[in-house]
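One structure is given here, and the rest of the page talks about it.
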Amino acid sequence: MKTGKMLPLALKGLFTKPATISYPYQKVVVPSDFRGKLVFDPSKCVGCMLCVRDCPSGAIEIIKVGEKKYKAVVHLDKCIYCGQCCDSCVRQALRTSPEFELAVYDRKDLTVDI
Amino acid sequence: MGKVVIPIGPQHPALKEPENFVITLDGEKVVAAAVNLGYNHRGIEKACEQRTYLQDIYLIERICGICSHAHSTAFIQAAEEIAEVEIPRRAAFIRTLIGELERIHSHFLWLGVAGHEVGFDTLFMYSWRDRELVLDLVAKLTGNRVNYGINTLGGVRRDISPEEAAEIRKVIGALEERTKYYLGIASEETTLISRFLNVGRLSKEDALRLGATGPVARAADIKRDVRKDDPYAAYGEIPFDVITDTHADVLGRTLVRVKELMECYKIIRYILDNMPEGLISVRFPRRVPEGEAFSRYEAPRGEDVHYVKSNGMDKPERVKVRAPTMANAASVAHMLSGGYLADVPIVIAAIDPCFSCTDRTIRVRDIFRGSDSVLDWPALRDYSIRWYRENGLDFSGIKLFGREIG
């Protein structure tokens, strides 16, 4: 039995750098395969809509813009960043990116073409 | 002086989530306590019935932010049992690995919360600092700090590369050193022991009678662990010990959790040494054949139970979740009575409560007649139509799917 067993550690803490990162002044590095904002490659999309069918929150739309040409619209406020659409995509047209700073002032700006 | 009844919660500084405890006091002493659940009902079970099995994984995962892997694995195990799909061994090992990493971060979190509840904020700060190591590791392995999304029907979504395995070993080594330090704190620091000893006592007999589970039961010397009793994933072939303690109080629960961390490191090292080669997932049918299954998982807080019923379609007919806090809620009321008012926060915190996981049911209560009554589906429908009609909304004549609704 000992009193103040954590005291040495706490005192040492006075002279060490803070363990926290001073975000946003210092950027946070996330892993390269972090599940952030989606990235879409229109040249690979065949419009099979598997991503739309499997999305748990109905956040993605695939819109036909021309003959064999598609664009993807993502509702970032609905997206739960699970990355299931990327797994469902048979042509790897969708993938996740490490971009996670997605806050905006207007909700309308959360519906984006990717 | 007579007895005083005070409500703690649903909004209270000592509680991290809204829940109501009605405490009857005689002076400083608690003579009776009642737990009122139901402030966090989110209708997740019902929402599961409207989504496919694949979509349900991500919904189920969001039942709890801390033991998300526990819930999604329990659900997937049930679905895989109905569909008679056997996952590859490598997938079972990866699921087990993530499950143990989750247990590490959950127990570190609890240690911090317990320290915070008794005013030992130094412990809180340092244990949460160390928890960051495992959270960053999980982010690297799965792509997110919480809600890992590693599980999929028929296996896992991401493989563990040799570089990642080396990284895990490095982090585990650092965490093991820290855990030894915290074990020293929990078993030697006088202030902590005096605060935890004989607080929130739950004897072995009471724990069995009230159906306590997880570290609460194991601290009362009940050797009960789903990982040993009904092995799932890869636990059947992994050697580890079930930690028990005889203190049967908050100190016992602390020691059980910290010692369990040491077992976690043992399990993870075994997994990394014996990881089989092969596929990480197999094909899973979109439509799950008719049937029902019951699945158990040892979450960091205790036994997590999922029940899934399939009617042969791509959406489940019924999903039932029983979170470990539900099993421990009855013990909390027992543990609180006989103690002091100042012990209430730490006794509640000692079961590692997760109330939003727990709230799965609503109680229909007739406030005018003061009676508890259960309405079946047609009666509830008639009641709602009558209520709207009395309030000036008449639905008669409106057709929905070809049927009159009024």
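Any read-out appearing in this document is the output of simple, stated calculations on the displayed coordinates, not a laboratory observation. Predicted, not measured: the structure shown is a model, and the values here were computed from it. Quick reminder, even Gly has a Cβ in these numbers, built from the backbone with ideal geometry, and neighbours come from all protein chains shown.
Data table
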| item | result |
| --- | --- |
| Nonlocal amide H pairs with B:GLY155, under 5 Å, H built at 1.01 Å | B:VAL282 |
| Convex hull of Cα atoms in the protein assembly as shown, direction-averaged projection (nm²) | 30.5 nm² |
| Orphan Cys of chain A, criterion: no other Cys C-beta under 4.7 Å | A:CYS45, A:CYS48, A:CYS55, A:CYS79, A:CYS82, A:CYS86, A:CYS89 |
| Order of A:VAL39, B:VAL344 under a 10 Å beta carbon neighbour criterion, fewest first | A:VAL39, B:VAL344 |
| Helix-only CD estimate at 222 nm, as mean residue ellipticity for chain A, using -39500 (n - 2.57) per DSSP H run (n ≥ 4) | -3000 deg cm²/dmol |
| Burial ordering of B:TRP128, B:TRP110, B:TRP377, B:TRP387, fewest other beta-carbon atoms within 10 Å first | B:TRP377, B:TRP387, B:TRP128, B:TRP110 |
| Charged-residue dipole, Cβ positions (Lys, Arg, Asp, Glu), chain B about Cα centre, Debye nearest 20 | 660 debye |
| Unit charges at the beta carbon, dipole of the protein assembly as shown: most positive-side option, A:ILE21, B:VAL4, B:TYR235 | A:ILE21 |
| Within the protein assembly as shown: Cβ-based charge dipole about Cα centre, in debye rounded to nearest 20 (Lys, Arg +1; Asp, Glu -1) | 740 debye |
| Among B:PRO13, B:PRO88, B:PRO276: highest mean-square fluctuation, GNM of chain B, C-alpha pairs under 10 Å | B:PRO13 |
| Mean ellipticity per residue at 222 nm, deg cm²/dmol - from DSSP H runs of n ≥ 4 across chain B, formula -39500 (n - 2.57) | -15000 deg cm²/dmol |
| Dimensionless Rg over Rh [chain B; C-alpha; Kirkwood] | 1.01 |
| Net charge over other residues, Cβ less than 13 angstrom from the Cβ of A:ALA93 (K, R count +1; D, E count -1) | +4 |
| Amide proton proximity set for B:ALA299, modelled H, under 5 Å, gap of 5+ | B:ASP304 |
| Partner chain coverage, peptide B:139-149 - average Cβ within 10 angstrom | 5 |
| Links that overshoot a 21 Å alpha carbon limit, given the list A:LYS78/B:LYS399; A:LYS2/B:LYS180; B:LYS170/B:LYS266; B:LYS170/B:LYS228; A:LYS78/B:LYS309; A:LYS44/A:LYS71 | A:LYS78/B:LYS399; B:LYS170/B:LYS228; A:LYS78/B:LYS309 |
| Globularity index of segment B:195-264, i.e. its alpha-carbon radius of gyration over 2.2 N^0.38 Å | 1.13 |
| Charge dipole magnitude, Cβ of K and R +1, D and E -1 - segment A:29-113, Cα centre, debye nearest 20 | 340 debye |
| Shape box of segment B:149-214 [Cα atoms, principal axes, largest first, Å] | 47, 32, 16 |
| Against the rule of thumb 2.2 N^0.38 Å, how large the Cα Rg of segment B:1-145 comes out | 1.37 |
| Three principal axis lengths of segment A:10-114 [C-alpha, angstrom, descending] | 67, 30, 23 |
